[in-house]
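Before any comments, here is the structure.
The values are calculated or read from the model by the stated rules, or taken from the named source; none is laboratory data. Because the structure is predicted, anything quoted here is derived from the model rather than measured. Note that each Cβ is placed from the backbone with ideal geometry, even for glycine, and that neighbours are counted across all protein chains shown. The accessibility values were calculated without ligands, DNA or RNA, using every heavy atom of the protein model including side chains. Shrake-Rupley method; radii C 1.70, N 1.55, O 1.52, S 1.80 Å.
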Amino acid sequence: MAHTQPVPETKKPSSFDAHHPPEKKLIDDCVHCGFCLPACPTYVLWGEEMDSPRGRIYMMKKAEEGAAPLDQRFGQHMDNCLGCMACMTACPSGVQYEKLIEAVRPQVERHLPRSVGDSLFRKMLFATFPYANRLRALAVPMLVYQRSGLQRLVRASGVLKLLPKRLAAMESLLPTVPNSLLTQLPAHVATKKPRRRVGMLSGCVQQVFFQHVNAATARVLAAEGCEIVIPQTQECCGALMVHSGLEEEAMCSAIRMIMAFETANVDAIIINAAGCGSTMKQYGHLLRDDPDWAERAAIFSAKCRDIAEFLCELEPRATRHPLPLRAAYHDACHLQHAQGIHAQPRTLLAGIPLLDIAEIPDAAICCGSAGVYNLLHPQTGEELGDRKVENLLTTQAEAVISANPGCLLQLMSGLRRRGLADMPAFHMVELLDASIRGLSADELLRQDRSARIQAN
């Protein structure tokens with residue numbers, strides 16, 4: 001009697017295309033234990049399995065096996081992810097969720113059409129935010145809007161409630177326009193007997209609307225004996241594009257950034273924006289298939305340091321003067337989770353005499369900023385922002401500190417909704433700068449209030 005041979009099961013083709021799909025090995029690292037669930041902002045809000053890291057990885061696995069299509073439901077759950085990477089901190093198996101979600105998002109952009117309104121809104125964001133000169137041009141009408149008192153009138157009138165949610169969110173997150181839009185740091189800051197020669201990222205939004213943070217960063221580095229090179233040709237680092245699945249645009253930005261710093265001959269590249277830092281440290285992975293840039297990108301990324309990370313590697317030289325102030329420290333997700341930098345900012349702040357640092361409950365949960373997430377998903381961003389502010393207020397702090405411009409704008413917006421628009425929000429490096437310069441807490445708070453009064 002003849003035996004019938006079993007027919008081997010034919011593996012279905014993957015639903016992902018062949019260009020940088022999420023790696024099966026990385027998908028299989030997830031054992032679906034659930035440790036990530038209480039760390040995930042969207043799962044905390046909604047309790048929906050497919051809006052948890054574990055659920056999203058399950059959907060990736062099914063798509064990779066060809067058992068599920070890349071449909072609108074798949075795209076929605078991937079879009080809902082903030083990319084905060086809190087799951088990576090919580091995961092006992094070391095799942096590299098960052099590489100998974102950042103591989104999936106370009107697949108979503110290539111294969112799933114968006115509505116006309118959504119597509120136009122995204123194009124508007126990415127035609128503006130990565131370009132400092134365009135931001136400066138946009139800042140001129142913003143300056144008039146803020147200084148004329150029109151912003152205060154519009155916000156008091158309630159007319160913003162009649163606008164589409166995304167436009168209302170954009171208005172609520174507007175940064176204060178500085179007095180001089182043309183102010184830029186010099187290309188070179190010399191110091192006597194330099195300990196280190198460093199490059200410094202000036203950023204896009206940072207160099208236009210957070211000039212004071214860049215200036216404070218340069219002063220602190222100089223006070224600690226660093227010679228500073230600030231390439232004037234540097235542009236956007238590509239972080240917002242990476243987080244939004246615009247892979248080709250992100251790669252072009254990375255190449256331009258590498259070119260801007262390659263001739264600077266620096267020991268380290270200092271970054272004071274957490275989202276930028278996490279992306280720049282991954283240029284080697286982003287450009288891994290480019291024979292002309294892969295090695296150069298890896299060399300560049302190895303030099304990238306967050307300002308807190310870098311300063312903790314140096315023995316302090318500048319005297320810290322007392323700064324009697326109680327401030328709550330908010331961990332930027334792309335600093336704490338994506339870069340694994342948690343202790344360093346606290347170590348630096350602990351070196352300031354009389355500065356009392358309060359810890360915010362549920363610190364691992366994102367504030368809802370997440371690049372442009374709070375603009376694309378304003379309701380979710382607002383819920384998370386309000387949640388963060390509620391926890392912040394339990395600390396009875398006089399001010400809040402963070403290490404990312406997006407987080408600062410998100411926190412200020414949340415405080416304003418609570419009627420606490422006067423509560424100061426500082427970048428961590430601003431407090432270091434104030435302490436080194438010998439500013440009193442009153443002077444520091446007065447400077448912050450003065451800027452807000454000019455704007456409102």
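Summary of computed values
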read-out: Mean Cβ neighbour count within 10 Å, used as a protection proxy, ranking 401-407, 146-152, 283-289 highest first; value: 401-407, 283-289, 146-152
read-out: Three-way shape label, region 279-424, alpha-carbon gyration tensor, a/c 1.5; value: oblate
read-out: Net charge over other residues, Cβ less than 14 angstrom from the Cβ of L393 (K, R count +1; D, E count -1); value: 0
read-out: Expected 222 nm ellipticity per residue - DSSP helices of 4 or more, -39500 (n - 2.57), all of the chain, to 500; value: -14500 deg cm²/dmol
read-out: Summed residue charge, Cβ within 9 Å of L325's Cβ, Lys/Arg positive, Asp/Glu negative; value: -1
read-out: Highest to lowest packing among 325-335, 98-108, scored as the average C-beta count within 10 Å; value: 325-335, 98-108
read-out: Over 19 Å [Cα-Cα, region 84-242], rounded percent; value: 70 percent
read-out: Probe 1.4 Å, accessible area per residue of region 192-294, Å²; value: 35 Å²
read-out: Global form of region 267-330, assessed from the alpha-carbon gyration tensor, a/c cut-off 1.5; value: oblate
read-out: Compactness of region 194-317 - radius of gyration and Dmax, Cα, Å; value: 14.0, 43
read-out: More than 34 angstrom apart: percent of Cα pairs within the chain; value: 34 percent
read-out: Among the listed pairs K25/K62; K11/K61; K25/K303; K24/K62; K25/K123, those beyond 22 Å (Cα-Cα); value: K25/K303; K25/K123
read-out: Gain upon complete extension [V154, A358; 0.36 nm per residue less C-alpha separation]; value: 70.0 nm
read-out: Amide H within-cut-off set for V400, under 5 Å, with H built and near neighbours excluded; value: A328, A425, F426
read-out: The chain: relative contact order in percent, alpha carbon pairs under 8 Å with at least 6 residues between; value: 15 percent
read-out: Net charge of neighbours whose Cβ lies under 15 Å from the Cβ of A86, counting Lys and Arg as +1 and Asp and Glu as -1; value: 0
read-out: Gyration tensor verdict on region 235-291 (Cα atoms; rounded if a/c is under 1.5, prolate if a/b is larger than b/c, oblate otherwise); value: oblate
read-out: Per-residue ³J(HN,Hα) for region 339-349, Karplus 6.51 cos²θ - 1.76 cosθ + 1.60, θ = phi - 60°, Hz, x for Gly and Pro; value: 9, x, 9, 10, 6, 4, x, 5, 4, 5, 5
